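Read-outs throughout are calculated quantities, based only on the coordinates presented, and are distinct from any laboratory measurement. Predicted model, so just to flag it, every value in this text is computed and none were measured. When we count neighbours, we look across all protein chains shown, and the Cβ atoms used for this are built from the backbone with ideal geometry, even at glycine.
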Amino acid sequence: MSNLIQQRRWFVLVGNQLFYFKSHDDTEPRGTLLLDGCSVRIYSQEELCFQLVAPASNKIYFLFAQNETLLDEWVSAVADASVMGNPHEQQLRIQKREAPAVNERERKAKARSRTYQFLEKTVVTLLNGDPVQEHEFTHARKLVKTDVGVQVFAQVLNFHRHKSVLTNEVNFKNLVNLMRVALLTSYEVADFHAARSLMNMCNTYYTPIGSAKNEASSGASNGGGDGGDRQYVMALVRDHKIWMSLWAWDNIFYEAMSSERRKHADNDRLVVQQQQQQQQQ
């Protein structure tokens, strides 16, 4: 592009008009380009150059940006301005721009749904005392190592907390294993909502020991004795770093307070709505 005549200009985009000034301090533009019907594309990524074709004046302009971010922003802004007078084209551009975001949201929602289904199946299998295949348990561990997986795992455990007793020793050890992985993930990704829920579940799920184990196996007990007759998950994960981190405790406390404030705010809004409905009646 060395044979082109290059001039330094300051551009201002207003609506569908592109004004250019000789310098930043000029108050009167040196010229104006009406962008209706113009086409724009990146001409050279390396030279940070984009091409603007103006059918009305039958001219082609090559404009240079200062960096890649501005290059992309200018191309997008000029393309939007070029279809301002055409509602149909405008709508097509909006749909084209929003489509990737919508597709990404749908992809994440489907992935979360699959994660929930798999982890719920695994947890229910553990709680029912049924054997979990090694490849299934390995996949569950892999899922719990992700930010979405640890959220889902905490949610599933909380939902099934009424089945808090595990009489199968192997399944109890597997649950403890998953809990350790989940606590580490929540700590590393700083998801203190999931961490708080998981820490509560550590004092919820247990396995009967001693005489209570025999009673639970024979069906003579409602889930083992209390106190020394139960071994909670907490007893096997109390050495985890999350319990000893002041940083984690500070954030968990803050998250708990924020959660309570949100609950009160929701209740206040509900009361206001009910009062408004009564007044309307």
Proximal charge balance of Leu157 [Cβ under 14 Å; K/R count +1, D/E count -1]: +4
Once you list every other residue whose beta carbon is under 14 Å from the beta carbon of Val124, what net charge do they have if Lys and Arg are +1 and Asp and Glu are -1? 0
PRE zone check, label point 7 Å out along Cα-to-Cβ of Asn177, amide N under 16 Å, scope segment 135-166, hits 135-145
Pairwise label distance in nanometres, Glu73 with Gln17, each label 7 Å out on the Cα-Cβ vector: 2.3
Using a Förster distance of 41 Å, how high is the FRET efficiency between Lys142 and Ile60, based on the Cβ-Cβ distance and rounded to 0.05? 0.15
At 37 °C and 0.692 mPa s, grab the translational diffusion coefficient of segment 137-216 from Stokes-Einstein with a Kirkwood Rh over Cα pairs, rounded to a whole number in µm² per second. 253
FRET efficiency, Gln273 to Arg107 (Cβ-Cβ, R0 35 Å, nearest 0.05): 0.50
Surrounding net charge for Ala65, when Lys and Arg each add one and Asp and Glu each subtract one, Cβ distance under 9 Å: -3
At 7 Å along Cα-to-Cβ for each site, give me the label-to-label distance between Ser245 and Arg9 in nm. 5.5
Looks like segment 1-74, by Cα gyration tensor root eigenvalues a ≥ b ≥ c and the a/c under 1.5 rounded cutoff (else prolate when a/b is bigger than b/c, oblate otherwise), is rounded
